[in-house]
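The values are calculated or read from the model by the stated rules, or taken from the named source; none is laboratory data. Nothing here was measured: the structure is a model prediction, and the numbers come from that model. When we count neighbours, we look across all protein chains shown, and the Cβ atoms used for this are built from the backbone with ideal geometry, even at glycine.
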Amino acid sequence: MAQILFQNCAILDGTLPELREGYNVLVENERIAEVSDKPIKAVNAYSINLGGRTLMPGLTDAHVHVNAVTADLGGLVDLPPTLLTAKAKPILENMLKRGFTTVRDAGGADWGIAEAVRLGLFKGPRLLFSGHALSQTGGHGDGRSKNNNNEPCACNYYTSSLSRIADGVDEVRKAARDELRKGATQIKIMASGGVASPTDHVANTQYSLEEIRAIVEEAEAARTYVMAHAYTARAIKRAVECGVRSIEHGNLIDREAAETVAAHGAFVVPTTVTYEMLAKMAAQLGMAPVSVAKIEDVREAAITALDICKKAGVKIGHGSDLLGEMQEFQSLEFSLKAQVLSPHEVITCATLTNAELFNMQGEIGVIAPGALADILVIDGNPLKDLNLLQEQGRYMRIIMKGGEFYKNELN
């Protein structure tokens with residue numbers, strides 16, 4: 001049995017708002033076996049004295065698109081799946097280098113790429129994938145221009161796109177069942193207009209209540225849940241009242257909608273960083289002008305929305321939603337959240353809260369016996385300086401996922 005003993009650690013996870021100094025952590029195979037403030041006897045273990053450095057759980061990101069290898073989402077349909085997968089490989093590797101050991105893909109990734117990571121063919125975070133997000137005709141996932149009259153159907157939607165079109169209760173049921181058949185960890189729907197889509201307004205609501213309820217019913221039958229792209233208060237309330245568990249973005253939420261989310265025990269996953277980077281880089285990276293023009297509609301409201309959610313007691317997850325070359329700014333979300341949340345709250349979003357959202361409580365996001373050995377060792381205290389979780393993993397001396405070292409500068 002492979003054992004690794006971390007000695008003289010300062011443990012940090014979302015369970016307490018301060019470091020627990022003088023601890024020792026024993027890893028056996030892929031899991032944490034023991035956590036103690038007393039010496040741990042493990043004579044055959046590979047021991048590392050951390051010298052008081054911070055030991056914390058691997059980070060999580062609840063909204064990524066590993067297949068969004070370019071900001072020009074319309075151009076994805078022209079990439080063959082083989083090239084798309086090759087371009088996704090460094091995206092996954094770089095996420096892991098930043099300390100993200102579990103991520104939830106919000107549309108585009110499939111069983112194959114998740115399995116490639118699991119088998120070690122690709123280095124990357126554990127991948128919880130949604131398959132193709134479900135969109136109504138003319139919705140946020142419909143990338144056709146106004147002059148494109150081609151009718152989509154199951155025989156011609158591209159595997160390199162991030163979404164699929166389904167209309168009507170019977171069709172959305174079938175689409176949800178099909179994504180679940182293909183292994184989707186959860187189902188993603190488009191419940192409002194969006195920035196990247198060419199023909200809908202951000203304020204639009206999308207999918208009827210009956211359609212949303214049908215999708216939720218199918219997800220619950222498969223013992224999972226629905227996550228919904230939604231910006232406006234109206235779209236958010238409709239989705240949550242139909243049983244959606246996870247609201248993505250939520251930039252235009254109001255107090256009443258936030259209270260509705262909290263009352264239903266649902267989550268909001270802000271993705272503030274994507275709007276900051278889109279405002280700076282989208283045009284030069286090839287995003288369509290109609291999409292660039294919509295960015296300011298949601299960017300300026302993002303921090304206000306975060307404050308509204310905090311005051312309403314909403315469970316706030318951690319996500320990024322970056323596209324193409326902008327994905328390198330994934331960790332900037334920590335600093336942006338810190339405009340409203342304390343460092344402890346920011347770290348909790350990316351550890352314990354996301355673990356609950358993913359239905360992986362006790363498995364990830366915590367340093368405790370039985371949890372997967374997803375471990376970061378940090379030079380310094382992130383509670384005092386969130387920049388230690390940024391800079392492309394510069395301050396992370398050790399990155400471990402499932403008991404396997406992916407970086408070890410202390411050996």
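So here's what we get for this one:
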quantity	calculated
The one condition in (1) in contact with a strand residue (DSSP E or B) (Cβ under 7 Å, 6 or more places away or on another chain); (2) modelled with pLDDT under 95 that THR102 fails to fulfil	(2)
Single residue of segment 322-334 satisfying the filter (part of a helix (DSSP H, G or I) and in contact (Cβ under 8 Å) with a residue 60 or more places away in the chain) that is surrounded by the most Cβ atoms within 10 Å (Cβ to Cβ)	GLU333
Among the candidates LEU127, LEU119, LEU134, residue that is surrounded by fewer than 24 Cβ atoms within 10 Å (Cβ to Cβ), at pLDDT 95 or above and on the phi < 0 side of the Ramachandran plot	LEU119
From the options VAL273, VAL346, VAL269, residue that is touching a Lys or Arg at 6+ places or on another chain (Cβ under 7 Å), within 22 Å of GLY99 (Cβ to Cβ) and of a type in the set (Val, Ile, Thr)	VAL346
From ALA305, ALA293, ALA282, ALA262, residue being over 23 Å from GLU220 (Cβ atoms), in contact with a strand residue (DSSP E or B) (Cβ under 9 Å, 6 or more places away or on another chain) and not acidic (Asp, Glu)	ALA305
Residue check, ILE32 surrounded by 14 or more Cβ atoms within 10 Å (Cβ to Cβ), closer than 24 Å to SER342 by Cβ and among the β-branched types (Val, Ile, Thr)	no
Odd one out for LEU372 among (1) more than 21 Å from GLY393 (Cα to Cα); (2) outside the structural domain of ASP254 (by TED's automatic domain parsing)	(1)
Residues of segment 209-249 satisfying the condition of being free of Cβ contacts under 8 Å to residues at least 12 places away in the same chain and either surrounded by 23 or more Cβ atoms within 10 Å (Cβ to Cβ) or outside any helix (DSSP H, G or I) (or both)	ARG223
Per-region count, segment 63-97, residues surrounded by fewer than 21 Cβ atoms within 10 Å (Cβ to Cβ) and not in a helix (DSSP H, G or I)	4
Residue satisfying all of: in segment 287-301; farther than 28 Å from PRO90 by Cβ and in contact with a helix residue (DSSP H, G or I) (Cβ under 8 Å, 6 or more places away or on another chain); surrounded by the fewest Cβ atoms within 10 Å (Cβ to Cβ) among these	GLU296
Residue within segment 20-38 that is within 27 Å of the chain's Cα centre (by Cα), in a loop (DSSP other than H, G, I, E, B) and more than 20 Å from GLY107 (Cβ to Cβ) present	yes
Residues of segment 160-189 satisfying the condition of being surrounded by 21 or more Cβ atoms within 10 Å (Cβ to Cβ), within 18 Å of the chain's Cα centre (by Cα) and not β-branched (Val, Ile, Thr)	LEU162, SER163, ALA184, GLN186, LYS188
Among (1) modelled with pLDDT under 95; (2) assigned by TED's automatic domain parsing to the domain that holds ASN387 - the single one THR54 does not satisfy	(1)
Matching residues, segment 99-113, being buried (at least 21 other Cβ atoms within 10 Å of the Cβ) and touching a residue at least 60 places away in the same chain (Cβ under 8 Å)	GLY99, PHE100, THR101, THR102, ARG104, ALA106, GLY107, ASP110
Every pair of residues 6+ apart whose Cβ atoms lie under 7 Å, when the first sits in segment 44-59 and is within 30 Å of ARG104 (Cα to Cα) while the second is basic (Lys, Arg) and part of a strand (DSSP E or B)	ARG53/ARG397; GLY58/LYS401
Options SER208, SER246: the member that is of a type in the set (Ser, Thr, Tyr) and farther than 21 Å from THR271 by Cβ	SER208
